[in-house]
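Colleague: Attaching a single structure in structure tokens format; questions to follow.
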Amino acid sequence: MAQSRKARPISPHLQIWRWGPAMLVSILHRITGNGLAFAGLGLLLWWIGALASGEQAYQIFLDWVWLGTAGGVQAFTAILGKVVLVGLTWAFFQHAATGIRHLILDIGAGYELQTNARWSILTMVFSILLTIAFWAFVLLR
Amino acid sequence: MGNGTSIGRVRGLGSSHQGTHHWLTARLTAVGNLVLITFLIVSLALLPDHSFATARSWVARPVPSVALILIMVNTFTHARMGVQVMLEDYVHEEGGKIAAWLLVNIVPFAAAAFGILSVLRIALGGA
């Protein structure tokens, strides 16, 4: 009895697996959530704090995050700032979409393999399209 | 926790009787964030420019200032809970757990207090 049980396959296996859409959006939900928590809320506090401190502090914020006109390190951080801001909007749209997916899973719906995979992929399509639409609106209007 | 009697070996290892509130609050604040953060980024995108005067006068208006204060409460609560769950999954050493506990219970409150004060200064016209 004990010997025959030993030969049985063990599942889930720690090493034998392949990526699926649900796994990908699950880890993306955690990564985007923590990115928004640290980088997103950090930037929000810098922005509102600078705005409350006065025109000079706000100009320093703009220079470091977007403009880079003062030269020096800001020329580099302004490029980084744009990447981070675009990344944060994508992270918000992705986290919101997978968050809604979780709310639906919480009521017990959407666990069929095909349905689950389809909606997982759609959250990523949604977040990429909305990020492009958002920045197209901001930069082109 | 003892290691003698069978009841002594399991005492203290059961349910903490408080997980549901954490789970439910995470969902509740998630719905709040859908409204609040959407309002924030749509409003920022619609501003005519992002100069000091424009941004400050937008924050000073009643609805945006209330929304920003709610963000400081709602979003920081949600972020705090999410970071806590992440740390619970990845931090296993005792020292790390204490550091994580301090981080999760101090930083979000200090950060939210700073945010709320900043909004109030702008909204109430302080210099």
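Rule-based calculations on the coordinates, nothing more; no lab input. Predicted, not measured: the structure shown is a model, and the values here were computed from it. Neighbour counts are summed over all protein chains in view; Cβ atoms, including those assigned to glycine, are modelled from backbone coordinates with ideal geometry.
Colleague: Against the longest principal axis of chain A, how steep is helix A:21-35, in degrees 0 to 90 to the nearest 10, with axes from Cα atoms?
Modeller: 30
Colleague: Measure out, as a whole number of angstrom, how far apart the alpha-carbon centroids of the range B:88-127 and the range A:20-58 sit.
Modeller: 14
Colleague: For chain B, list the DSSP H helices whose alpha carbon atoms reach 30 Å or more along the long axis and whose average Kyte-Doolittle value is -1.0 or above?
Modeller: Both cut-offs are met by B:19-46, B:62-90, B:94-123.
Colleague: Set the Förster radius R0 to 30 Å, insert the Cβ-Cβ distance between B:V91 and B:R27 as r into 1/(1 + (r/R0)^6), and round the FRET efficiency to 0.05.
Modeller: 0.80
Colleague: Also, I was wondering about something else. How large is ³J(HN,Hα), in whole Hz, for each residue of the range A:100-114 in order, when computed from phi with the Karplus curve 6.51 cos²θ - 1.76 cosθ + 1.60 and θ = phi - 60°, using x for Gly and Pro?
Modeller: Taking θ as phi minus 60°, the curve returns 5, 4, 5, 4, 5, 4, 5, 8, x, 9, x, 8, 4, 3, 5 Hz for the range A:100-114.
Colleague: Going by Cα centres, the range A:84-141 and the range B:25-77 are how many Å apart?
Modeller: 20
Colleague: A:I100: net charge of surrounding residues, Cβ under 12 Å, Lys/Arg +1, Asp/Glu -1, itself excluded?
Modeller: For residues surrounding A:I100, the net value is +1.
Colleague: Can you show me the helix-derived [θ] at 222 nm for the protein assembly as shown, built from DSSP H runs with n ≥ 4 at -39,500 (n - 2.57) apiece and divided by the number of residues, rounded to the nearest 500.
Modeller: Using -39500 (n - 2.57) per qualifying helix, the result is -26000 deg cm²/dmol.
Colleague: Let me ask something else. Highest first, please rank the peptides B:17-24, B:84-91, A:98-105 by the mean number of other Cβ atoms sitting within 10 Å of their residues.
Modeller: A:98-105, B:84-91, B:17-24
Colleague: Further question on the same structure: Order of B:4-11, B:63-70, A:61-68 by packing, highest average Cβ count within 10 Å first?
Modeller: A:61-68, B:63-70, B:4-11
Colleague: Go ahead and run the numbers for FRET between B:V35 and A:I16, Cβ-Cβ distance against an R0 of 41 Å, rounding to 0.05.
Modeller: The pair B:V35/A:I16 has a calculated efficiency of 0.40.
Colleague: Could you check the simple spin-label distance between B:R9 and A:A75, using points 7 Å along Cα→Cβ, in nm with one decimal?
Modeller: In this crude spin-label approximation the distance works out to 7.0 nm.
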